[in-house]
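Visitor: One structure coming up, written as structure tokens, with questions to follow.
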Amino acid sequence: MRDPLKIEQSSRTPAVDFDYANNHLKISGESYPEDVTEFYRPVFKALDDYLGALGEGGCRFDFALIYLNSSSAKAVMMLMDKLEAAAANGATVDVYWFYDKEDDTMQEIGEEFGEDLENATFHLEKMVD
């Protein structure tokens, strides 16, 4: 079993918590790093490695982002594409998009991402206060 990936949240980057033992992966907070590629590179690698070993198993990925810039939105789209590919290959993938109940923009972004998923199961949820 590999060690979980944990990246602490900063003022410009989200927290990343990949709990492989429980098949629960999460990104939360704000995402507008100065160098999106540099920040998300280890996240992509960790997800690729995890999904490669998942096979037909199941996992849950939570997105609980308060804000993301356009470059981060592209990175999130790439994460969604990886999750969708795993689901297309037989894994059971549940994607949860949490948004603040007063933030129509993040709700709409989540809806748009969800529309692109055909094999992964998408859940749009309001954040609990």
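The values are calculated or read from the model by the stated rules, or taken from the named source; none is laboratory data. Just so it is clear, the model here is predicted, and its values are computed rather than measured. Glycine also receives a Cβ, built like all others from the backbone with ideal geometry; neighbour counts cover every protein chain displayed.
Visitor: Search the stretch 1-36 for residues being among the polar types (S, T, N, Q) and without any contact (Cβ under 8 Å) to a residue 24 or more places away in the chain, and hand back the single one that is nearest to LEU54 (Cα to Cα).
Guide: ASN22
Visitor: Got a number for residues in the stretch 1-57 being closer than 19 Å to GLY90 by Cα and of a type in the set (Ser, Thr, Tyr)?
Guide: The number of residues fulfilling the criteria is 2.
Visitor: If we keep just the residues of the stretch 28-76 that are charged (D, E, K, R) and over 17 Å from SER10 (Cβ atoms), which is surrounded by the fewest Cβ atoms within 10 Å (Cβ to Cβ)?
Guide: GLU56
Visitor: Within the stretch 92-118, can you find the residues that are surrounded by fewer than 20 Cβ atoms within 10 Å (Cβ to Cβ) and aliphatic (A, V, I, L, M)?
Guide: Answer for the stretch 92-118, where residues must be surrounded by fewer than 20 Cβ atoms within 10 Å (Cβ to Cβ) and aliphatic (A, V, I, L, M): ILE109, LEU117.
Visitor: Across the stretch 6-26, what is the total count of residues that are farther than 21 Å from ASN119 by Cα, under 13 Å from the mean Cα position of the chain (by Cα) and either assigned to a helix (DSSP H, G or I) or aliphatic (A, V, I, L, M) (or both)?
Guide: Count: 2.
Visitor: Right, another one. If you take the residues in the stretch 78-89 that are in contact with a helix residue (DSSP H, G or I) (Cβ under 9 Å, 6 or more places away or on another chain) and small (Gly, Ala, Ser), which one is surrounded by the fewest Cβ atoms within 10 Å (Cβ to Cβ)?
Guide: Among those residues, the one meeting the criterion is ALA85.
Visitor: Here's another thing I want to ask about it. Just give me the residues in the stretch 1-26 being loosely packed, with under 14 Cβ neighbours inside 10 Å, at pLDDT below 95 and either touching a strand residue (DSSP E or B) at 6+ places or on another chain (Cβ under 6 Å) or of a type in the set (D, E, K, R) (or both), in sequence order.
Guide: ARG2, ASP3
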